[in-house]
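Read the structure below first, then the notes.
The values are calculated or read from the model by the stated rules, or taken from the named source; none is laboratory data. All values derive from a computational prediction rather than experimental measurement. Here the Cβ positions follow ideal geometry from the backbone for every residue, glycine too, while neighbour counts run over all protein chains shown. To get the accessible areas, we keep the full protein, side chains included, count just its heavy atoms, and leave off ligands, DNA and RNA. Shrake-Rupley method; radii C 1.70, N 1.55, O 1.52, S 1.80 Å.
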Amino acid sequence: MVTKSEAVSKLKELSDIITKSREAYFNFNQSDITDQEYDQNISEFANIIAKYPELEDEYKVLDQIGAIPNSKFKKVKHLSPMYSLSNAFTNEDIYNFLNQMRSFLDLSGSEQIDLVFEPKIDGLSLSLIYKNGYLFQALTRGDGQIGEDVTENARLISDVPLSIPVKNGTLEIRGEVYFPNSTFSELNDELKIKGRKTFSNPRNAASGTLRQFKSNKNRNTNLCFFAYSVGNAPYRLADSQAMLLKIFNDLGFKTNNLSKVFTSVEKLLQYYEEVFSLRPELDYDIDGIVYKVNDFRLQERLGFRSSSPRWAIAHKFPAEMSITVIEDIEIQIGRTGTLSPVAKLKPVNIGGVVVSSATLHNKDFIKGLDNKGNKIRGGADIRKGDWVTVYRAGDVIPKIKDVDISKRNQISKPFAFPDHCPSCNTKVKIDESDSAIRCHNSQGCDAQIIAGLKHFVSKKAFNIDGLGGRIIEEFYQKDLIQQPGDFFRLESKSKHALNLIEFFGKGWGKKSLKNLFNSIEKARLIKFERFLFSLGIRHIGENASQVLATYFDSWDVFYNKIKCGISKNDKQFLFEIEGIGQLMVASLVEFFSDFKEREKLDDLLNYVKIENFIKSSKIETAITNKKLVLTGTFKGFSRAELKSICERHGAKVLTALSNNVDFLVVGQSPGSKVKKADQLGVKQIFEEEFKALIDYSL
Ligand code: IVH
């Protein structure tokens, strides 16, 4: 039996080890101890706390289940979402980017769109909010909607002005925090001397430093900041990105001196090569170049997709590669039953990140064939024990570039792709629509159900903090959670039927549970589009969920309509929605007509409150809440832009006419819809009239 003073010193020792390894794992994706060692430490810790419960408050290690990264920072909702960028890898992707914008804006090929070239700094994005001229709050990006409040630490960055000469209103400046290469090795040397773990690259050093609690309150010259965009502003600061960058300098911010405006895409691509070769000499890491439309009026017209702007793109540098060996080939089963092969690699460092697995895509990829049946890698297959070249581009999962057959063990055998699900042993089938190999036992396959539950609590769905993958698996294995509604019964179950702390033992304190129940309680109120996404219906991803939520506004309307449609065998109303394709309609119908899915859904609905879709724009005009159909071509804007304008005004755009439609908007050379509108008595409005209705001027 340990004495209290022994307990105190042991708790301190354990809490340091646990905290350090959690930070390493959750913030820097690296682990300094094995999972078993970690679990052992936690269970030792929990045993001591069980004997001396009064010590629990002093050591907060058991606070979090699965460890929420940096929970010490307050979570704050961003004033407006912090978007990410879509990626381009080739010059052709850049020409496509320009063509897509031209087509959206209905510009001809010869009309020029000026682009601003800005290095893509490989750091952390930061939002700085100034109120009446003073730094009020600094937030990390977080999930784009909610960030962490790192104000106290941001104040220590000497590139972050504490006051700016915009003295009225709220101004939000966004940019990138980075750790300069020149001082990075000094930092690691210092850490080594102190016997602490070093950072594997400057990006991790920036993230670690920004999230560290400092006792020293002097301004810190190590972290740096480049400003590149404005979030909220009391008035329009500039008409173009180039002008904005100059204004940032006037306000006291640093901007990147390699930024430049280009009127020709060829020159821009030449400069990309130049900057790429400059890369080793720069004092900050860059992982590509960002191209932004210079003219803010065009940016506004182009608007946003669900998570990235249409007016900017990140042109990534070629991926970094390393050679390693495949230790094993595993099959993972996704929530829709797809069997995905994954290569487990001997850990290898690729451009500063330790990689231990890579996707093998599908059965054909392993065999040396692409999705059209053509040979890749000269037709060489991939086997356990092979030496392979692995590459990493951006944040995406590492991939395999090539295999070195000369190093292959002569007795190795080709990989035998399973013909039965490794989890539930059901015979698998090839899906005609995407050639994926799939287990169709959706209701009875443990791996699929667990993957569905993980998806349900994930960031973009219910976003329940503190429920890591391992915990969900444990909950499922121990029969505590079988379907989404069970998450919401957990607290009452734990009060009445079982003691969760005893049930799990290691790692579970009273506080851990309280935090978990709080996050589950908070998650009950959910937005329509997130709720729909959380159901994990095949083909109904973030975008489709958003389209459906925009269209139906309220979950109840959507659910009643789909139930009624299914009983009447009517899918037409789904086909009418722009952006909802055949595959989506088929899987919506399949999901909602499945008795068991409906039962689980109805059970879940007892616990949640689904908020109506909130329109991002508050513009109210004569078309708000009206249903429109478009026909013909329009002067000055494309069909896609017209649709996006209608949606900003709160109107719904349908593909087909019916009695329900309020207006047919008629452009030049309209089709047969005019005649149909005459027959149905649907009001027709012409382009100029339409523009007047919505008060639109180009
Ligand atoms: S613009 C809506 N400009 O890249 C526009 N981002 O994948 C959003 N980044 O989260 C960002 N340098 O952390 C922009 N010059 C730059 C950038 C930059 C680095 C990062 C930023 C963002 C990520 C987007």
Taking first residues from the stretch 121-140 that are acidic (D, E) and second residues anywhere that are open to solvent by 20 Å² or more (accessible area, probe 1.4 Å) and within 16 Å of the ligand (Cβ to nearest atom), the pairs with Cβ under 7 Å that are 6 or more apart or on different chains are D122/R203; D122/D285; D122/D287
So Y271 clears everything in (1) within 16 Å of the ligand (Cβ to nearest atom); (2) of a type outside the set (A, V, I, L, M); (3) without any contact (Cβ under 8 Å) to a residue 60 or more places away in the chain except one condition, right? Which one? (3)
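Here's the yes/no breakdown for (1) farther than 29 Å from L298 by Cβ; (2) modelled with pLDDT of 85 or more; (3) aliphatic (A, V, I, L, M); (4) open to solvent by less than 10 Å² (accessible area, probe 1.4 Å):
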| position | (1), (2), (3), (4) |
| --- | --- |
| G636 | no, no, no, no |
| A640 | no, yes, yes, no |
| K643 | no, yes, no, no |
| R648 | no, no, no, no |
| A651 | no, yes, yes, yes |
| A656 | yes, yes, yes, no |
| F663 | no, yes, no, no |
| P670 | no, yes, no, no |
| K675 | yes, yes, no, no |
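Rundown of residues vs (1) outside any helix (DSSP H, G or I); (2) among the charged types (D, E, K, R); (3) touching a helix residue (DSSP H, G or I) at 6+ places or on another chain (Cβ under 8 Å), yes/no style:
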site: I562; (1), (2), (3): no, no, yes
site: I566; (1), (2), (3): no, no, yes
site: F573; (1), (2), (3): no, no, yes
site: I580; (1), (2), (3): yes, no, yes
site: S587; (1), (2), (3): no, no, no
site: E590; (1), (2), (3): no, yes, no
site: Y607; (1), (2), (3): yes, no, yes
site: E620; (1), (2), (3): yes, yes, no
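For every residue, the table says whether it meets (1) charged (D, E, K, R); (2) closer than 26 Å to A205 by Cα; (3) touching a residue at least 24 places away in the same chain (Cβ under 8 Å); (4) surrounded by fewer than 19 Cβ atoms within 10 Å (Cβ to Cβ).
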position: A319; (1), (2), (3), (4): no, yes, yes, yes
position: T338; (1), (2), (3), (4): no, no, yes, no
position: V342; (1), (2), (3), (4): no, no, no, yes
position: N374; (1), (2), (3), (4): no, no, no, yes
Between a first residue in the stretch 344-365 that is closer than 25 Å to C439 by Cβ and a second residue that is of a type in the set (D, E) and in a strand (DSSP E or B), which pairs have beta carbons less than 7 Å apart while being 6 or more apart in sequence or on different chains? K344/E327; K344/D328; K344/E330
Residue under question is E44, and the condition is that it be under 30 Å from S200 (Cα atoms), modelled with pLDDT of 65 or more and assigned to a helix (DSSP H, G or I); does it hold? yes
Hits in the stretch 117-163 (condition: away from the ligand (no atom under 16 Å from the Cβ), touching a Gly at 6+ places or on another chain (Cβ under 6 Å) and not hydroxyl-bearing (S, T, Y)): P161
Can you name the condition, by its number, that D695 falls short on among (1) part of a helix (DSSP H, G or I); (2) more than 18 Å from Y551 (Cβ to Cβ); (3) acidic (D, E)? (1)
Pairs needed: first member in the stretch 94-120, under 17 Å from I289 (Cα atoms); second member anywhere, open to solvent by 70 Å² or more (accessible area, probe 1.4 Å) and within 16 Å of the ligand (Cβ to nearest atom); C-beta distance under 9 Å; at least 6 residues apart or different chains. V116/K260; F117/K260; E118/K260
If you go through the stretch 285-315, how many residues are more than 10 Å from the ligand (Cβ to nearest atom) and either among the acidic types (D, E) or over 21 Å from A242 (Cβ atoms) (or both)? 5
Being near the ligand (Cβ under 9 Å from one of its atoms) and either modelled with pLDDT of 95 or more or open to solvent by less than 50 Å² (accessible area, probe 1.4 Å) (or both) is the filter here, so list the residues in the stretch 85-115 that pass it. S86
Could you look through the stretch 221-238, keep only residues that are in contact with a strand residue (DSSP E or B) (Cβ under 7 Å, 6 or more places away or on another chain) and more than 16 Å from E172 (Cβ to Cβ), and pick out the one that is farthest from the ligand (Cβ to nearest atom)? L223
So which residues in the stretch 164-180 are within 16 Å of the ligand (Cβ to nearest atom) and either open to solvent by 30 Å² or more (accessible area, probe 1.4 Å) or under 10 Å from Y130 (Cβ atoms) (or both)? E172, I173
Unique match (being surrounded by fewer than 17 Cβ atoms within 10 Å (Cβ to Cβ) and without any contact (Cβ under 8 Å) to a residue 24 or more places away in the chain) among L258, L278, L282: L278
